[in-house]
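This report refers to the structure that appears directly beneath it.
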Amino acid sequence: MADQAFVTLATNDSYAKGAMVLGQSLKNHKTSRKLVVMIGPHVSDPSRAVLRRIYDEVRLVDVLDSGDSAHLAMMKRPDLGITFTKLHCWKLTHYSKCVFMDADTLVVSNVDELFDREELSAAPDPGWPDCFNSGVFVFRPSKETHGKLLQFCTEHGSFDGGDQGVLNAYFGDWATTDISKHLPFIYNLSSVALYTYAPAFKQFGSKAKVVHFLGPTKPWSYTFDPRAQRVKGDVEAAASHPSFLLEWWILFASSVVPMMRQEYGDMAFHSGCEEEEILLAAPQPTLSSLERKNNWEQGQADYMGMDSFDNIQKKLDSFLK
Ligand code: UDP
Ligand code: GLC
Ligand code: MN
């Protein structure tokens, strides 16, 4: 197990917050694998210190940028050229197999079984399901593959200006060759599905294992009222079910912000929490399972009680047995 790792990337302090929550979520769900975060030179020292407390390895990498503004403009995301930096993950050859996860993903149940899959396994992209989404993928670090990928970028560029375009072109047989390389959607659930196929989201959303806050509005774009346990702002824009956004915030406010406070000391940092004191909600009265299901469907999961990490874990364990 020591030669397998979950890997993410953060080139700045905003995405670093995402990486902190992701790493903590993997730990809360008791992964047995190593945790690696690749960072760019712009990540501040205190953020690096927090990342070191969560991750086994914090690795400084060169930032690669596709510089492909024409293709990126088509996606309306000029910032994503930098995602070429992701390709450095193939250089982590001290691991035999890894799972890459975007810094805007959140693990809501243990996903160590992903290491049973082979390169390149990934879930369909919700916008174009014959392509995979590169927010979660299984790969084998290899100097050779890394070299070939960079060469591929130079020769062909990327049809979307980011890593997902290159990876889909390079692993071009993903859609047709081996169904075991298609990860179920619950390993990369972006709630685009909430708008495009609401009944399926309602039916299967509670089975999610990894939530992906895909799109321009990230969890850290919001503010949070810890007393009311409420995320403020246009929650619909998060392309995610409100209860997943709340889950991200509860984890951030309760586990990550205290570490940031210690590492930042007197330096100012933006927690996004409205109050200094992070107060967790008082225990809720026990609900019947029907009431809980209804609440879930209305986006009101009880994360401190019945739907807490431990309870969800127990439920899944008994379900899987
Ligand atoms: N990323 C980063 N810095 C940036 C933009 C992206 O570190 O300025 C990394 C981060 O891991 C992020 C991933 O690249 O999760 C892909 O970008 P993003 O998640 O924003 O793309 P989306 O999933 O919304 O298409
Ligand atoms: C996508 C993926 C993201 C990737 C980006 C650029 O939408 O979600 O992981 O980095 O496109 O290709
Ligand atoms: Mn993403």
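The values are calculated or read from the model by the stated rules, or taken from the named source; none is laboratory data. Since this is a predicted model, take the numbers as computed values, not measurements. Cβ sites come from the backbone with ideal geometry, for glycine too, and all protein chains shown count toward neighbours. Ligands, DNA and RNA are stripped out before the accessible areas are found, and what is left, the full protein with its side chains, is counted by its heavy atoms. Shrake-Rupley method; radii C 1.70, N 1.55, O 1.52, S 1.80 Å.
With only Lys, Arg, Asp and Glu charged, each at its Cβ (+1 for the first two, -1 for the last two), find how big the charge dipole of the range 1-106 is about the Cα centre; round to the nearest 20 debye. Display every interim value, and only then the final one.
Working: 14 positive and 11 negative charges, 89 e Å.
With only Lys, Arg, Asp and Glu charged at Cβ, the dipole is about 420 debye.
If you count only protein heavy atoms with a 1.4 Å probe, what accessible area per residue comes out for the range 1-122, rounded to a whole Å²?
Values: 4530 Å² over 122 residues.
I get 37 Å² per residue for this part.
Take the alpha carbon atoms of the range 173-205, find their center, do the same for the range 124-148, and report the distance between the two centers in whole angstrom.
Answer, in whole Å: 15.
Tell me, in nm to one decimal, what length is gained between Ala49 and Glu113 on full extension, where the rule is 0.36 nm per residue of separation less the Cα-Cα distance?
Separation in residues times 0.36 nm, less the Cα-Cα distance, equals 20.1 nm.
Over 24 Å between Cα atoms: which of Lys76/Lys218; Lys30/Lys207; Lys181/Lys207; Lys181/Lys218 fall into that group?
Numbers: Lys76/Lys218 15 Å; Lys30/Lys207 18 Å; Lys181/Lys207 20 Å; Lys181/Lys218 28 Å.
Violating the 24 Å limit, Cα to Cα: Lys181/Lys218.
Projected onto the charge dipole of the range 96-191 (+1 at Lys/Arg Cβ, -1 at Asp/Glu Cβ, origin at the Cα centre), which of Ser109, Thr177, Phe139 gives the Cα projection farthest towards the positive end?
It is Phe139.
Could you list, in their original order, any pairs among Lys27/Lys97; Lys86/Lys202; Lys91/Lys209; Lys27/Lys86 whose Cα atoms are separated by more than 24 Å? It would help to have the intermediate numbers written out before the result.
Values: Lys27/Lys97 19 Å; Lys86/Lys202 32 Å; Lys91/Lys209 27 Å; Lys27/Lys86 22 Å.
Beyond 24 Å: Lys86/Lys202; Lys91/Lys209.
Can you find, among Ala73, Ile54, Val37, the residue sitting farthest towards the positive end of the charge dipole of the range 1-76, where Lys and Arg contribute +1 and Asp and Glu -1 at Cβ?
In the range 1-76, that residue is Ile54.
Take every Cα pair under 8 Å in the range 107-181 that's 6+ residues apart, average their separations, divide by the length, and report that relative contact order as a whole percent. Kindly include the intermediate steps, with their values, before the conclusion.
Working: 72 pairs, mean separation 24.3, N = 75.
The value is 32 percent.
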